[in-house]
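One structure is given below, encoded as structure tokens.
The values are calculated or read from the model by the stated rules, or taken from the named source; none is laboratory data. Predicted model only: the values in this text are computed from it and were never measured. Because the Cβ atoms are built from the backbone with ideal geometry, glycine has one as well, and the counts that use them run over all protein chains shown. In case anyone asks, the SASA skips ligands and DNA or RNA and just uses the protein heavy atoms, side chains included. Shrake-Rupley method; radii C 1.70, N 1.55, O 1.52, S 1.80 Å.
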Amino acid sequence: GPSYIRFDRGGIPDLYVIHSLRYTFGYGIMNPRKGNRTCILSMGVMVHQALKVAEELDATVYDFYQLKPFPKGELLQLQREMVHIVTLEEHQLAGGLGSIVAEIFADGRISLPLLRIGVPDSFTFELGGREVIWEKCGLDVPSIVRRIKEWRGY
């Protein structure tokens, strides 16, 4: 059937060569951490940002590389190990990864703290490369770290 693939203009490092990765259906665990149960769920190029953020916060990153069909059963298994969940995406919050996770939790009556970080629901008129736009939208590493710390009450 129809598929959507986004190609990046610039080269980005191959995450799956650099990091040890445990694969399962629909997602990969990029940097398993013991003890700290803050999890960052991300996808695409934002996984690179998530890994940088995770280093500062000692969090585990999950790369959800498949959104359709979403690995709902696997997420429901993972949520048993999670305390704080952050979704990070280079997408508007409505209808993206964070929305999918929130809907699954709502339908399953799962009550876990969930912070969705993504592009605000507004037009962006700024010009510049990806890093410039990330900074304007609060998707640069310092902004993400600050939001998560504020949300967790650091």
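Before moving on, here are some points about what is shown:
- Restricting attention to the stretch 136-151, the residues being touching a His at 6+ places or on another chain (Cβ under 9 Å) and open to solvent by 70 Å² or more (accessible area, probe 1.4 Å) number 1.
- Condition check for Phe123: at pLDDT below 85 and open to solvent by 10 Å² or more (accessible area, probe 1.4 Å): yes
- Residue within the stretch 85-93 that is out of contact with any Gly (no Cβ under 8 Å at 6 or more places or on another chain) and more than 17 Å from Met43 (Cβ to Cβ) present: no
- Conditions (1) open to solvent by 40 Å² or more (accessible area, probe 1.4 Å); (2) of a type outside the set (Lys, Arg); (3) under 17 Å from Met43 (Cβ atoms): number failed by Glu81: (3)
- Against the test of being farther than 18 Å from Gly98 by Cβ and modelled with pLDDT of 75 or more, the options Glu55, Glu74 yield a single qualifying residue, Glu55.
- Selection status of Pro120, within 24 Å of Gln79 (Cβ to Cβ), of a type outside the set (Lys, Arg) and out of contact with any Leu (no Cβ under 6 Å at 6 or more places or on another chain): no
- Residues located in the stretch 36-55, provided they are under 22 Å from Leu76 (Cβ atoms), within 11 Å of the chain's Cα centre (by Cα) and open to solvent by 10 Å² or more (accessible area, probe 1.4 Å): Met43
- Looking across Ile133, Ile117, Ile100, Ile110, one residue alone is surrounded by 14 or more Cβ atoms within 10 Å (Cβ to Cβ), among the β-branched types (Val, Ile, Thr), without any contact (Cβ under 8 Å) to a residue 60 or more places away in the chain and more than 21 Å from Arg37 (Cα to Cα). It is Ile133.
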